Amino acid sequence: MLEWNSIDTVLFDMDGTVLDLHFDNYFWEDLVPSRYAERHGLEKAAAQALLRNRYENVKGTLDWYCLDFWSESLDMDIAGMKEEVRHKIALRPYALEFLRQLRNSGKRALLVTNAHPASLSLKMRHTGISEHFDHTVSSHTVSSQAFNSLAAGSQNLRLAKENAGFWHALRQQHPFDPQRTLLIDDSLPVLRRAAAEGIRHLLAIRQPDSQRAPLQPEEFMQLDDFTQIMPGLQPCGSGPVRD
């Protein structure tokens, strides 16, 4: 499936790619509406409908992924609630095996997620997989000066991975050759933005949430699990290359 000799860097999404998206779907679509309904004396279905509308209003922006934004907006301890149900965080099939094999091959591996830094930290602590990445990057810490004219010429823009300029901004902080880079992600808008900004090798995840139906195939090749791309990934005798 892949010509590994043409790939130096692998960029991984976190939720729905390395980790099962079920945790996040459960949290935002079940637990948060349940607690919100209790607090405001609503039926759960009414709370779900209300929150779904509020989610949609900021979807595609960094606020959609921001725990601070939702804690303030909903007057709820979102980070604390995530800690309560951290036992639901789980790796996707063969993710750990693939990360180990990739590390042994000498390829550079970065985790690049839209998750808030607090959520990223929780999930790394719970799974213990951060050691398999050269860097773990939250989009909340990546900013771009490429469009300063849109920001009164003074403020860096805060970008989500699906926003124009994100992948160029990431390259400024963590240089990589887009023609020799593979991105694995479960989000079509993210994959499309990466393609538009020159990343050559792109793979989608067929079933990000293990308890939901697979996604319909689109323009990107889909992975069921990482065993499909392990063949051809050879160990590096001199050990992993680090920047």
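The values are calculated or read from the model by the stated rules, or taken from the named source; none is laboratory data. Computed from a predicted model, the values in this text were never measured in an experiment. Cβ: placed from backbone, ideal geometry, glycine included. Neighbour counts: every protein chain shown. Just the protein is used for accessible areas: all its heavy atoms, side chains included, with ligands, DNA and RNA removed. Shrake-Rupley method; radii C 1.70, N 1.55, O 1.52, S 1.80 Å.
As a summary of the residue check, Leu31 satisfies the conditions (1) more than 20 Å from Leu159 (Cα to Cα); (2) in contact with a helix residue (DSSP H, G or I) (Cβ under 8 Å, 6 or more places away or on another chain); (3) open to solvent by 30 Å² or more (accessible area, probe 1.4 Å) except for the one numbered (3). Of the candidates Asp13, Asp24, the single residue that is without any contact (Cβ under 8 Å) to a residue 60 or more places away in the chain, within 26 Å of Met124 (Cβ to Cβ) and buried (at least 18 other Cβ atoms within 10 Å of the Cβ) is Asp24. If you check Ser6 against the conditions, is it free of Cβ contacts under 8 Å to residues at least 12 places away in the same chain and of a type in the set (Ser, Thr, Tyr)? For Ser6, the condition - free of Cβ contacts under 8 Å to residues at least 12 places away in the same chain and of a type in the set (Ser, Thr, Tyr) - is not met. Could you go through region 109-121 and let me know if any residue there is in a helix (DSSP H, G or I), open to solvent by less than 20 Å² (accessible area, probe 1.4 Å) and under 24 Å from Leu62 (Cα atoms). Checked region 109-121: at least one residue is in a helix (DSSP H, G or I), open to solvent by less than 20 Å² (accessible area, probe 1.4 Å) and under 24 Å from Leu62 (Cα atoms). Every condition in (1) in contact (Cβ under 8 Å) with a residue 40 or more places away in the chain; (2) open to solvent by less than 20 Å² (accessible area, probe 1.4 Å); (3) out of contact with any Cys (no Cβ under 7 Å at 6 or more places or on another chain); (4) within 29 Å of Ser143 (Cα to Cα) holds for Phe98 except the one numbered (4). With respect to the conditions (1) assigned to a loop (DSSP other than H, G, I, E, B); (2) within 18 Å of Leu2 (Cα to Cα), Leu202 lacks only one, and its number is (1).
Of the residues making up region 197-223, those that are within 21 Å of His22 (Cα to Cα) and exposed (fewer than 13 other Cβ atoms within 10 Å of the Cβ) are Ser210, Gln211, Arg212, Ala213, Pro214, Gln216, Pro217. Screening Leu50, Leu42, Leu91 for residues that are open to solvent by 50 Å² or more (accessible area, probe 1.4 Å), under 27 Å from Asn163 (Cα atoms) and over 23 Å from the mean Cα position of the chain (by Cα) leaves exactly one candidate, Leu50.
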